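Below you'll find the structure, written out as structure tokens, and then a few comments.
The values are calculated or read from the model by the stated rules, or taken from the named source; none is laboratory data. Keep in mind it's a predicted model, so treat the numbers as computed, not measured. Counting neighbours? That spans all protein chains shown, and the Cβs are built from the backbone with ideal geometry, glycine included. Keep in mind that these areas ignore ligands, DNA and RNA; they rest on the heavy atoms of the full protein, side chains included. Shrake-Rupley method; radii C 1.70, N 1.55, O 1.52, S 1.80 Å.
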Amino acid sequence: MAWMAWTWPTAAFFVTIGSLLVLMTVLAVARPEVPRVGILRIETTRG
């Protein structure tokens, strides 16, 4: 990976994004989405 200059801030950014994606996946499995009816009477979910 010599073509990209990896610095600590760059690595921290990608690790943070990856960690947030894993956290959201775990939360979605632990607490499944429940469809709700919004203001416009359209059934919606979090996603």
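Could you list, in sequence order, all residues of the stretch 34-47 that are open to solvent by 90 Å² or more (accessible area, probe 1.4 Å) and either in a loop (DSSP other than H, G, I, E, B) or not acidic (Asp, Glu) (or both)? Quick ask: steps written out before the conclusion?
Step one: list which residues in the stretch 34-47 are open to solvent by 90 Å² or more (accessible area, probe 1.4 Å), which gives 34, 36-37, 39-43, 46-47.
Listed by number, the residues that qualify are Val34, Arg36, Val37, Ile39, Leu40, Arg41, Ile42, Arg46, Gly47.
Which of the residues that make up the stretch 6-25 are modelled with pLDDT under 95 and either within 15 Å of Arg46 (Cβ to Cβ) or charged (D, E, K, R) (or both)?
Within the stretch 6-25, Met24, Thr25 meet the criteria.
Test of understanding: among Ala30, Ala5, Ala11, which residue is surrounded by 10 or more Cβ atoms within 10 Å (Cβ to Cβ) and out of contact with any strand residue (DSSP E or B) (no Cβ under 9 Å at 6 or more places or on another chain)? So that I can check it myself, show each step before the final result.
Details: Ala30 fails: surrounded by 10 or more Cβ atoms within 10 Å (Cβ to Cβ); Ala5 fails: surrounded by 10 or more Cβ atoms within 10 Å (Cβ to Cβ).
Exactly one of Ala30, Ala5, Ala11 is surrounded by 10 or more Cβ atoms within 10 Å (Cβ to Cβ) and out of contact with any strand residue (DSSP E or B) (no Cβ under 9 Å at 6 or more places or on another chain), namely Ala11.
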